[in-house]
1. If you stretched the chain out fully between Thr92 and Lys9, how much longer would it get, using 0.36 nm times the residue separation minus the C-alpha to C-alpha distance?
2. Determine, for His34, His49, the number of other Cβ atoms within 10 Å of each Cβ, and report the residues in order from fewest to most.
3. Could you order peptides 10-19, 24-33, 77-86 by the average number of other Cβ atoms within 10 Å of their residues, highest first?
Amino acid sequence: MAESANLLKALAENNVLQMVMFNDDSIEVQFKNHSFLLLSPCGANYQYHPPTCDGLKLVDSINTIRQRSKFATSETKAQVDIAMKARNLFATRPYLAAEFIHLCDGVVHLHQDVLEYVWPEIGDDQVGRSITQDQNGDII
């Protein structure tokens with residue numbers, strides 16, 4: 001419920017006029033400046049149509065930007081972020097590119113070296129096996 005409230009707040013802050021999500025999880029977002037963004041069903045690609053001087057929506061405009069979501073430029077990053085948030089909230093399978101991980105609240109970042117590994121297999125003597133790494137990186 002809190003995620004939906006945060007999304008509505010973000011939509012208002014980013015001047016979203018209309019948002020449509022299709023059955024295939026693709027999404028179209030229209031902004032108040034008459035630009036619009038189409039996000040692919042998997043979320044990996046987007047197509048951005050900047051506002052035209054006469055306000056008409058031209059599908060194959062010369063200024064149309066088509067590229068991968070993870071390579072969004074500063075010109076389109078905010079629009080792609082808001083479309084990705086909405087898509088990931090309502091889609092059957094969220095898109096989790098490293099560039100958009102900050103959009104997920106439940107992600108835990110571990111900044112610690114793993115020095116010991118334990119396999120769940122049991123040997124003939126019914127004792128679990130483990131490998132330990134010392135300070136020099138050698139396996140003990």
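Every read-out reported here was derived from the displayed coordinates using simple, explicitly stated rules and does not represent laboratory data. In this text, all values refer to a predicted model and were calculated from it rather than measured experimentally. Note: ideal-geometry Cβ built from the backbone for every residue, glycine included; neighbour counts use all protein chains shown.
1. Numbers: separation 83, 0.36 × 83 = 29.88 nm, distance 2.26 nm.
Going from the current span to full extension adds 27.6 nm.
2. On the way: His34 16, His49 21.
Ascending number of Cβ neighbours within 10 Å: His34, His49.
3. Working: 10-19: 14.4, 24-33: 17.0, 77-86: 20.7.
For the peptides 10-19, 24-33, 77-86, the packing ranking is 77-86, 24-33, 10-19.
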